[in-house]
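Report on the structure given below.
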Amino acid sequence: MKLSLVVPVVRPEAHLGKLFDTLIKSCKSAKNIELIVVNQSGTSIRSMCGGLPMDVREVMTQTIIPAANARNLGALEAVGEFLFFLDDDALLIAEPQEFCRLIEELTPQLAAAVCHRGELIDGTYLSHWPTGVTRITVQNFSAFCIEWNFIVRRELFFSSGAFPEIGTGSQHAALSGEIFVLAARLLGCGHSLNTINFIRVAHPSLLKPRNTATNLLGYYYGSGYAVGISFNYFSLWAKIYWITRVAVAAIFDSTHRYRTYKDCIKPELAGLRVKLSRARLVGFADGLFGREVKQHNWLSSMVANGKKL
């Protein structure tokens, strides 16, 4: 088996069918692939699997578990040489020949890679991919790596510690922190992370109609937290780089970046420019000093409180 697709799911009825439709289209010519679905819903998804051009294995859990644990469980059940992590609400956008090309490029020389990421708006793919970059480095990994566009050699995934559990499922505030820690470990150990531009993965924006403000602050807190706890894997120059970058980013958050979001979440969040900076800096400090990750209600309190920060 060359490639195992690993998909955790809590509510299969919500999005999983759309992901399966894209897999049927993109993977129909591919061989030596399998799909591992970590199903936490309590109801089997076997009836949804008709037409999928691959072996499908369903791993059922008794309760909802943290996302990092679900992905790790799926990886344990996988037998593919490489793991490709996807979310249940992601969409794989690739022509069959492009997916076959992906399989061919999964050679022993490849350690890990990230696919092009973006979102689908009214049927049109909108890229979230920084331009002009062909290699992931310690300086740019946080702009490329997300849990749902990541491909890694299975053996290396486990020898690098797999996805760390940095909180308790959706109750913690550090959204999307696990992948940053894993990527930092890989880069810190000298492994290369390639980019795969011809495979695109669309995912809903973090600015969802519900909980927009808490999602936004959670991603800022999570990015800071993950960089902080990743310091053990950075060289001295990389540590200096990231301390400087976090400080500059916090200033930029409060002077310019907040304008990107202020119109769509203005009714929800007073003091946006300050809170974005604070979320990033507090996350960085919590990770750097090994403090326990904050709970999700910390984000809610920031949204609810217009003055007290």
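Values for this structure:
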| read-out | value |
| --- | --- |
| Selected residue (only one of K208, K307, K275 is charged (D, E, K, R), surrounded by 21 or more Cβ atoms within 10 Å (Cβ to Cβ) and either over 24 Å from S127 (Cα atoms) or modelled with pLDDT under 75 (or both)) | K275 |
| Residue that is nearest to T107 (Cα to Cα) [pool: residues in the stretch 1-25 that are in contact with a Leu (Cβ under 7 Å, 6 or more places away or on another chain) and not in a helix (DSSP H, G or I)] | K2 |
| Subset of the stretch 93-104 (residues that are acidic (D, E) and assigned to a helix (DSSP H, G or I)) | E98, E104 |
| Residues (under 22 Å from I179 (Cα atoms) and surrounded by 12 or more Cβ atoms within 10 Å (Cβ to Cβ)) located in the stretch 233-252 | Y233, F234, A238, K239, Y241, W242, I243, R245, V246, A247, A249, A250 |
| Test: L76 is in a loop (DSSP other than H, G, I, E, B) and surrounded by fewer than 22 Cβ atoms within 10 Å (Cβ to Cβ) | no |
| Test: residue in the stretch 130-146 that is within 18 Å of T22 (Cα to Cα), surrounded by 14 or more Cβ atoms within 10 Å (Cβ to Cβ) and in contact with a Lys or Arg (Cβ under 7 Å, 6 or more places away or on another chain) | no |
| Subset of the stretch 79-96 [under 19 Å from A202 (Cβ atoms), surrounded by fewer than 22 Cβ atoms within 10 Å (Cβ to Cβ) and either of a type in the set (D, E) or out of contact with any strand residue (DSSP E or B) (no Cβ under 9 Å at 6 or more places or on another chain) (or both)] | D87, D89, E95, P96 |
| Residue check for T107: at pLDDT below 85, surrounded by fewer than 23 Cβ atoms within 10 Å (Cβ to Cβ) and assigned to a loop (DSSP other than H, G, I, E, B) | no |
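The values are calculated or read from the model by the stated rules, or taken from the named source; none is laboratory data. These numbers come from a predicted model, not from an experiment. All Cβ positions, glycine included, derive from the backbone under ideal geometry; neighbour counts span all protein chains shown.
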